[in-house]
Amino acid sequence: MKPSHFRFIRSLALFALVVFPKMSYAQNCTGISEVMGNDMIVSQGEPGGDVTFFTLGPVLYSLWNDSGTLPVQHDRGDIKQVWQAATLMHELGHNLNLRHDGTVTTANAMPALFVTSDNGRLYKIDPQTFTALASTDIRRPCCPKDKITATPAVQLYQLSNAAFQSAMLARRGYPDDLVFVVTHHDADDTGNQLIALYASDLTPCWTFNASGTYSMSYAADGCEVDYSTNTVYCGTNQAMAGQSTVWALDALPSGASGSLKWSANAGSITNRPMLASGKLYVTPSGSIQCFDAASGSTLWTLPTGSPVVRNIVVEPRGTQPTRIYYTTADGSLHGTMDNFPSPVPLWPPVSPPTGIKFSTMPALVTATGKLLTGRSDGSIQQVAADTGSPETTVPVGTPGTLWDPKIDYSSSTGNPVLNETTTEGSLYRYCIPVGTTGVGPSPSVSEIALAQNAPNPFSTHTRIEYRLPEAAQVEIDIFAIDGRVVRRLVHEKQSAGSHDAAWDGRDDGGRAVAAGPYFYRMRVGGADGRTLESSKKIQLVR
């Protein structure tokens, strides 16, 4: 199936904001396109330099990011290549899964795309010509309905350490890469396998659980590779109680059967494990779990109440605690710090205006310190990663259709680009200028100032000062670290000027609350319907 209609629209810009923004157009941002007319889910738009790749059902597309004349005249958003496996099974509605982050440069210095299919095949594709360089069928002879439902993971020789390179040369005689896939067996959800294949020709390197020794279910979103330890981590579904669902294996063992380092039962895992600073994070329903990546010991479990939408975003921060950003199914956006031995909120849960929910996994723009996440009304919301303060929104698609946003850093403009796809078959690209202002304040509230409470820490009373340049509806609430509202300090319309609010360390019922960290959040509503938030930490001692 090919897109039946194309439409090209102007490029909107998302900017770093500290005020109620107006949308602004970028001078140097190009490359927005929309593919329409298909009632199918489009995969995340993955980067490819001058093109963006995505899958739409059984078809792989590349779209030009910018207009040009080589090799032929083309406009941004034009289709460059279309690839579809020439099998009857694909024509009957099978779906392709494209590797996260798009193209790779393999050991022979050639670019490649790796794509799995739920018809049980793995493909290696030339991203320039869209010819299939290699393919393999992982289905068992007994079972033609076996499939691969997870994206492939890749370990590249050129980025690996000396131990991996030496082992690869010993096994292969020349440099090669590895591609990892997890099977999804038909009618037998307990004997699945993790298979490592040589990237050059997709022949098997090793197979874990080939004889069904371990009770292993299928994976839904691929695996994560740790280049520093040559370990591949996979999360799997849980078909029966007691099954292990987190697996750590040697990426390049000496034999052909795979080498298990450790496994753990974390509950059903439907997303890719995330690795940062020697820790592994997984998100079973209703919680986030953190493991020591080397030993598999559980470090902490954070109940999220409502399930995490798709997956978390993990931001390593060097000597500072790793940050974790995620959306929950109840429509809230969260920021958490891995402040070992336990996680602590970075800011209180953030929600859009009444009647709207955050609906996608967020994307982090590290260059601007902003989060971008989809909303149920079809808009993309920008949020400050440090404070959780909502900033600008961009209308994108039909309400209820946004898929997870993806940041592409390969743009020729030097700016990061937002790729946004929808379940109705659309792909959008938005430029995100870095270090550019170009956004003017709206006619409502143009600036607010929220001061740190004083004294802080405090034991009996503390005061919070703030300033409003114009009259506005104001809410100031105290939150516990688990997100519960402890005390409602201000809920009223206030005039322009300086104001203050006091807290005596008691809840709404007049009861003294426990000592510890809290947050206070101010929400200011403007006449144009936008809401600005600002939050700060507060410490109560007894």
Task: So G425, is it at pLDDT 90 or above and either buried (at least 23 other Cβ atoms within 10 Å of the Cβ) or touching an Asp or Glu at 6+ places or on another chain (Cβ under 7 Å) (or both) - done: no
Open item on the list: Which pairs turn up if I take residues in the stretch 511-524 that are among the acidic types (D, E) and assigned to a strand (DSSP E or B) and look for partners that are modelled with pLDDT of 85 or more and exposed (fewer than 13 other Cβ atoms within 10 Å of the Cβ) with beta carbon separation below 8 Å, at least 6 apart in sequence or on another chain?
Closed with: none
Task: Residue, surrounded by the fewest Cβ atoms within 10 Å (Cβ to Cβ), within the stretch 477-494, restricted to residues that are of a type in the set (A, V, I, L, M, F, W, C) and within 21 Å of V344 (Cα to Cα) - done: V485
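Touching a residue at least 12 places away in the same chain (Cβ under 8 Å), among the small types (G, A, S) and either part of a loop (DSSP other than H, G, I, E, B) or buried (at least 17 other Cβ atoms within 10 Å of the Cβ) (or both): is that true of A167 in this structure?
Numbers: touching a residue at least 12 places away in the same chain (Cβ under 8 Å): yes; among the small types (G, A, S): yes; either part of a loop (DSSP other than H, G, I, E, B) or buried (at least 17 other Cβ atoms within 10 Å of the Cβ) (or both): yes.
Spelling it out, A167 is indeed touching a residue at least 12 places away in the same chain (Cβ under 8 Å), among the small types (G, A, S) and either part of a loop (DSSP other than H, G, I, E, B) or buried (at least 17 other Cβ atoms within 10 Å of the Cβ) (or both).
Every residue in the stretch 105-154 that is of a type outside the set (S, T, N, Q), within 23 Å of L63 (Cβ to Cβ) and part of a loop (DSSP other than H, G, I, E, B), please. Break it down into steps so the answer makes sense when it comes.
Let us first name the residues in the stretch 105-154 that are of a type outside the set (S, T, N, Q), namely 107, 109-115, 118, 120-127, 130, 132-134, 137-148, 150, 152-154.
When the remaining residues are screened for being within 23 Å of L63 (Cβ to Cβ), the result is 110-115, 123-127, 130, 132-133, 152, 154.
Of everything in the stretch 105-154, those that are of a type outside the set (S, T, N, Q), within 23 Å of L63 (Cβ to Cβ) and part of a loop (DSSP other than H, G, I, E, B) turn out to be M110, D126, P127, F130, P152.
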TODO: For residues that are at pLDDT 75 or above, over 30 Å from the mean Cα position of the chain (by Cα) and closer than 17 Å to F130 by Cα, tally how many sit in the stretch 71-100.
DONE: 2
- [ ] Select from the stretch 293-328 the residues that are small (G, A, S) and either over 26 Å from P405 (Cβ atoms) or surrounded by 20 or more Cβ atoms within 10 Å (Cβ to Cβ) (or both) and list them in ascending order.
- [x] A293, A294, S295, G296, S297
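Answer yes or no: is there a residue in the stretch 240-262 that is of a type in the set (V, I, T) and under 25 Å from A134 (Cα atoms). Don't jump to the end; show me each part of the working.
Of the stretch 240-262, the ones of a type in the set (V, I, T) are 245-246.
Now restrict to residues that are under 25 Å from A134 (Cα atoms): none.
Scanning the stretch 240-262 turns up no residue that is of a type in the set (V, I, T) and under 25 Å from A134 (Cα atoms).
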TODO: Count, please, the residues in the stretch 374-403 that happen to be under 15 Å from R323 (Cβ atoms) and not charged (D, E, K, R).
DONE: 5
Task: Number of the condition not met by F180 [criteria: (1) of a type in the set (F, W, Y); (2) farther than 20 Å from A109 by Cβ; (3) part of a loop (DSSP other than H, G, I, E, B)] - done: (3)
Task: Failed item, numbered, when N456 is tested on (1) modelled with pLDDT of 85 or more; (2) over 22 Å from V350 (Cβ atoms); (3) assigned to a strand (DSSP E or B) - done: (3)
Task: All positions within the stretch 186-215 that are buried (at least 21 other Cβ atoms within 10 Å of the Cβ) and aromatic (F, W, Y) - done: W206, F208
Open item on the list: Every residue in the stretch 42-70 that is aliphatic (A, V, I, L, M), under 21 Å from L418 (Cα atoms) and at pLDDT 75 or above, please.
Closed with: V51, L56, L60, L63
Open item on the list: Any residue that is closer than 17 Å to N192 by Cβ, aliphatic (A, V, I, L, M), in a loop (DSSP other than H, G, I, E, B) and in contact (Cβ under 8 Å) with a residue 40 or more places away in the chain - is there at least one of those in the stretch 235-243?
Closed with: yes
- [ ] Consider L364 carefully, then state whether it is under 27 Å from R523 (Cβ atoms), part of a strand (DSSP E or B) and within 14 Å of the chain's Cα centre (by Cα).
- [x] yes
Open item on the list: at pLDDT 90 or above, in contact with a Ser or Thr (Cβ under 6 Å, 6 or more places away or on another chain), part of a strand (DSSP E or B) and not assigned by TED's automatic domain parsing to the domain that holds L299: is that true of G388 in this structure?
Closed with: no
Task: Number of the exception - Q243 against (1) under 22 Å from L302 (Cα atoms); (2) within 22 Å of the chain's Cα centre (by Cα) - done: (2)
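Of all residues in the stretch 367-385, which are buried (at least 21 other Cβ atoms within 10 Å of the Cβ) and part of a strand (DSSP E or B)? Don't jump to the end; show me each part of the working.
Initial filter on the stretch 367-385 (buried (at least 21 other Cβ atoms within 10 Å of the Cβ)): 368, 370-375, 380-385.
The answer is K370, L371, L372, T373, G374, R375, I380, Q381, Q382, V383, A384.
The values are calculated or read from the model by the stated rules, or taken from the named source; none is laboratory data. The structure presented is a predicted model; accordingly, all values stated were derived computationally and were not measured. Quick reminder, even Gly has a Cβ in these numbers, built from the backbone with ideal geometry, and neighbours come from all protein chains shown.
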